[in-house]
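Quick notes on the structure that follows.
Read-outs throughout are calculated quantities, based only on the coordinates presented, and are distinct from any laboratory measurement. Keep in mind the model is a prediction, meaning the values are calculated, not measured. Ideal geometry is used to build each Cβ from the backbone, glycine not excepted, and the neighbour counts take in all protein chains shown.
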Amino acid sequence: MRLAFNVLAYLLVTSVASTETKHDAADHTAITSIVGASTVAGVEFQKTDEFTNSSLSKKHQRVFVEAIETLQKYQAYINKQQKKHVRRGSPLKVARDASGLLPRSVRPYVQRIEWLASWLFGDKEKNAAAYRQKQLNEKPEKVKQAVATMKELASEGSEDAQLVLADMAMYGKYGTNIDLGSAFEHYKKLAEANGNPKAQYMLGLFYATGLGGIEQRNSMALLYNTMAAKSGYTPAEMTLAYKFLTGIGVPASCKESLVYYKSVARKGILYYLSGPPLGYHIPPYRVRLSDDNKGAYGVHTGPYSLYKVNDREGFEELLNYHLDSARKGDLRSCMNLIDLYYHGHRFASRNFTYALKYIREVISKTFTKRGDLQKGLSQGEVNSAAQAAGMYGMMYLRGEGVTVDTAAAFKWLTIAANMGHGTSLNALGVMYQHGIEVPVNNERALELFKAAAEKKHQSGQVNFAVAIMESQPQVAVTNLRNAAENGNILAHFHLGGVYSALSDTEISCRMAVSSYKYVAEYGDWLHSSIPSAYAAYERGDLDAAVLEYMRAAEMGYGVGQLNAALLLERAAKLCSYRDWDIRDSHAPLESGKDNNAMPAWSNRSCVHSVFSDQQQHERQTLAYWTRAANNNMADARAKQGDHYYYGWGVEASAEKAAAAYLISAKSDANGLAMWNLGWMYENGVGVKRDFFLAKRWYDKSIEVNEGGKLATNFSLARLFIKYLWAWVWGEDVGETPLYFAPETAAADDGKNDEDDGEKDGRRETEADDEQGGAQLRPLGHREGNEYVPEDWEHEAGAAAAEGLGVDDTAAELDENGEGSLSESVFIVVLLLAAAWMFLPFR
Amino acid sequence: MRLFAVGNLHILACVVTAVWPKALADGEGGVFDPALIMEDVYESPRFQINLAEKPLRLSLLDDTLAKLRQRVPEDPVELAYDPVVLLAGSEWKFICQVPRVDTRAAQEKLKTRQQENITASEALLREMSREEQRQVVERGVELLDPLKASCLSYTSEYWTFEYCHNRYVRQYHRSAPGQSGRIVEVGYKLGEYTNRKQISAEEGSDVGTTKISTIGRKRFLTQMWGGGTMCDVTGRPRQVEVQFHCDLNSPEGVALVEEVFSCQYVVVIRTPRLCADPLFYNMAESAIHNISCQHVVPDEDYDRVLAALEQKESESINSLGIASDEAHSHDDTESAQSSIGDEAIKRKEEENKTDDEPQLVISMNDPRLAEITKGNEDLLRLLLSMAFGDPKLQIQFAENFDAPKQPTKEKKKTQKAKAKKDHEEL
């Protein structure tokens, strides 16, 4: 069996190799020789979303090109329009439908009031939908014609035209609505008739996730992806690599995974080297959508929380400050601006012209006309001068913002290299190595690489390592490791090669995979769906965004998994319990049912979801939280716990929830998870009831997240009452009092020391966090569900407390154990009236 | 580093879930799989693609499809077969039979099987005579003995835990030097080796205090150490359960310390040493369903492809061990690929050669054809060779893609190949 599969994998490798035979020569020089970074001439690369072939006649081809240009122009126009209308603030925040929390008998009345209100004041969502519908109908004649042309070409059997139509339905492009059912049909037709790899890959996505009401089937997903990968389709290869690495739907196999990751990495590196000297720029940082929403939970949950302040205003303020002081001639500001414009930033795109402007300014300030350093410069200014000169040379060498001028490049790089600038040393080495402007001189190149490596310049380290791989493999690998630790993809690629050649063991295979995976995920110019996903998100097209992020998630990107989960969760919040179809439309595996029958897409129960039933939606969300958590995304593990606790998409299991919370509390120091654990210990849910551990987790929760102090103190107070209650009734509550433990410094128990120690460690990390009562929704905060969370009464109680203005006073009190007790008692007295009826004495 | 972190979490999950069922005072829950927290929602059912050795003639495709639709799977979890015809690019065509797996039933089955596994491993322990168990424990303790050399420590937040083999487990915290330059150390013992709990009758030795435990499919050694510092919560001395797990993937050390109840701890020591005993090193896999695929070729290309495949097969079996050795002896990974490329070229040349010797393979997939042929093979051969005008024509009647036989045949061959490979690697 194994052998048969190996044969398939082998066929795959050879077919990949054969499709690239014409590049093989270039390949060889690029990767196997001592060249670390060089040009690969004459290689054409195809991005995965570009059009492949043309089985059309010349005339038809022209028609196709015209039509697609019209459509793309129109799409650009729509994008611009949408971007104008996008709401500022947190796009992930939605007004929740809380009526699920109300008793059943009251709901109809509330609904009537809601309806009346929306009728009177207008419903924002509905207005937006109506606006969109209006836009759909007002498509320009030319666009309608182009679509008709596409349909015509498609019926004549043009693969490209069919692909355009399929994508149009899939992502709702060119001013149409998303129609996953028709997209599936289009892709299916393409796959069946032409064996189109992209269509097969998309079918794989449908089957892997159960998108749009397709029955989720691991088998079909595997088959279609394997076929697409056989044609060398990179996203499919990456999906398979991830599946084999993690053993999702296939037997886990590091070796299979390695084959695919290696192929993806190889293509990435080839593209990288095909750019200007020293390679293309690395794709930019991938934004975590949680950053726009103040964390996955909307609050800061602990030191490793996904919470991050990421505001445009702060950035613009800083930018203006630097612009201003640069105008006044401040060198350091100039350097900051050069860095910003050369590399680009989330809020400011890359701009070589601006970068050049500031480089020239720095150079004019620090160098004489003849290219000598001016006298009387401080050390900092000299460093700036070297950096600016080096950048200037690099830009001439690579032709960025200027036309390529190797003579000027050589001049400025030499100046900077003589001043000890690492980048320039490396670039100069490359010039010597390839004979750009100077005759080829490998010894000189090696010297320069060595010097650059000593300056800890990453590319320098890689080039040096590659050059000495034969003679001093030990030193070479050390250099590669150093560069790889700083995220150099070329270093990772070479390390992957070293590891996979090392031995046949599982460990070396895993090391090789992790290196190649890094290259595949960070050198993803050709196959990543994240840029288009983020662009869709930016213009407020969240349905397209979630589909694109799901593609990335299936490829194994941690960020894709996190973002897809966040967007899916948002959609679930928008779909109230009323929207989901009540009837169980998902009776699987009826014998008479056609296996690929597609439920009509228009029948979907909730317009906000890309799935047709709630179960599948929640299951997929859980799958992405789990994968994100396994990819070390903080907060995701706690979200997974929530899913287990409430049974969203899985069978509810308090034990699994507790286990997930414990892991989250221990490895992420997640405050919410700690509170949840405390609550579970307090009530004996999923764990054995233990007041002491309950108190400890509550205390820890306060340490980590001071914002949730009020809620936690309330819980502590309740814990105290329960403890007394249990003690009065003679239950086993332990030997010593819970609250009156001896306060000696070197306590036997050490609890207090523990608290102090943690406080010191954590203080700084949460300086900027101020969320009063933020923890009020401890076990997830999704409403609109039939299930009423057991502890929702806390919210009521705490909300009452807030109404009384307790919040501020309570937050200042707590300094030591005594304070905590008196405070607790205080709150008990205050809240007892409001909360006694809710307290579940169990 | 990342790998290690994930590994740690795995162990944490294992222990958490392992300990939890015991914690369920009210009889909730039951046995459950330790790795479930890490497990993906879609982890199972697992599939594997098997490519049949022989291709299928295009003209027989429709018949085969019809046949496949009617075939009933043997595995009760597999409800039916879905035949799928797939193209890979424009030149490759496959027919695959995809088992339709009843997920619910499969999960049930998995669950019962896990329970069976657990009971089986418990049964295995029970079956093992006391003497055998004693030997396993004795050997295990012996394997662990070198741990004595130094103490293992583990820092988690505030506390540092120290495990000294056959001596004690303690936790302590050293404060940073204060104003007076004094370093205050706070700490207490979690348990002492000398206070081990007796499990069986044999007194004084490790054998009497060490137990073979099982979680899910994993076996490990445990000892219960008492005699820690007095706990004022429970009024009893602290206790610690020391678990020794076999772990080949990470360095020796303390994987985890967790206080599961007040003053009751679990310390997990992971060590490759224990893996020397196969009893502690086995991982069973969940059921894998097969997707059988067959390459479909146009009738006119059939012979050529078949011959080429046979050639390839025999070659790959012969060269498996050697080729991999070659690949690994080089520092440069690319050499492996280029050698594959060279082989492909060689094969192509050989393909052309085989074309000179005509050969005919007749598939007996069609029942009508099979019936006609029955008993008349010789006559048919003669007729065909006359029709082709080649008296030396080799004709073969083959049954390919005939359902129940196929997998078993394949299996045998793979096993053979595997054995050969293993042998050569040794």
Item to complete: May I ask for the net charge around B:Q97, where only other residues with Cβ less than 11 Å from the Cβ of B:Q97 are counted and Lys, Arg are +1 while Asp, Glu are -1?
Response: +2
Worksheet, complete the sentence: Pseudo-spin-label distance A:L318 to A:Y77, built 7 Å along Cα→Cβ, given in nm, is 3.9 nm
Worksheet item: Between A:K151 and B:K148, what is the spin-label point distance in nm, taking each point 7 Å from the Cα along the Cα→C-beta axis?
Response: 8.5 nm
Worksheet entry | Ranked packing of A:221-228, B:187-194, most packed first, by mean Cβ within 10 Å | A:221-228, B:187-194
Response to the item:
Volume per residue (Å³) of the convex hull spanned by the alpha carbons of segment A:688-728 is 53 Å³
Worksheet item: To the nearest whole number, what is the average tally of beta carbon atoms from other chains within 10 Å of the beta carbons of peptide A:280-286?
Response: 0
Worksheet item: Applying the Karplus parametrisation 6.51 cos²θ - 1.76 cosθ + 1.60 with θ = phi - 60° to the phi angles of segment A:518-535, what ³J(HN,Hα) value in whole Hz is obtained for each residue in order, glycine and proline being reported as x?
Response: 4, 4, 5, 8, 9, x, 10, 4, 8, 10, 6, 9, 5, x, 5, 4, 5, 4
Worksheet entry | For segment A:166-191 and segment A:538-568, distance of Cα centres in Å | 18 Å
Item to complete: First select every other residue whose beta carbon is under 13 angstrom from the beta carbon of A:G401; then total the charges, Lys and Arg +1, Asp and Glu -1.
Response: +2
Item to complete: Figure the gain on full extension for A:S349 and A:E138 (residue separation times 0.36 nm, minus the Cα-Cα span) and round it to one decimal in nm.
Response: 72.7 nm
Fill in: Theoretical gain in end-to-end length, A:I113 to A:K255 [0.36 nm per residue, Cα-Cα removed]
45.0 nm
Worksheet entry | Virtual spin-label span in nm between A:R444 and B:L65, 7 Å along Cα→Cβ | 6.8 nm
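To the nearest 20 debye, what is the magnitude of the charge dipole of segment A:466-545 about its Cα centre, counting +1 on the Cβ of each Lys and Arg and -1 on the Cβ of each Asp and Glu? Before the final figure, lay out each step's value.
On the way: 4 positive and 9 negative charges, 43 e Å.
Taking the Cα centre of segment A:466-545 as origin, the dipole is about 200 debye.
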Worksheet item: Given the pairs A:K294/A:K666; A:K722/B:K189; A:K189/A:K230; A:K700/A:K722; A:K243/A:K456; A:K262/A:K294, which are separated by over 26 angstrom at their Cα positions?
Response: A:K722/B:K189; A:K243/A:K456; A:K262/A:K294
Worksheet item: Across the residues of A:214-221, average count of Cβ atoms on other protein chains within 10 Å?
Response: 6
Discussion item. Between segment A:661-698 and segment A:331-387, what is the separation of their alpha carbon centroids in Å?
Written reply: 53 Å
Item to complete: Starting with the highest mean, order A:294-300, B:134-140, B:39-45 by the number of other Cβ atoms within 10 Å, averaged over the residues of each peptide.
Response: A:294-300, B:39-45, B:134-140
Worksheet, complete the sentence: Note: A:243-253 gets an average of partner chain Cβ contacts (10 Å, Cβ to Cβ) equal to 4
Item to complete: Please report, in cubic angstrom per residue, the volume enclosed by the convex hull of the alpha-carbon atoms of segment A:245-333.
Response: 200 Å³
Worksheet item: Just for the Cα atoms in segment A:358-438, what are the lengths along the principal axes, largest first, rounded to whole Å?
Response: 37, 23, 18
Fill in: Highest average packing first - A:567-573, A:174-180, Cβ atoms within 10 Å
A:567-573, A:174-180
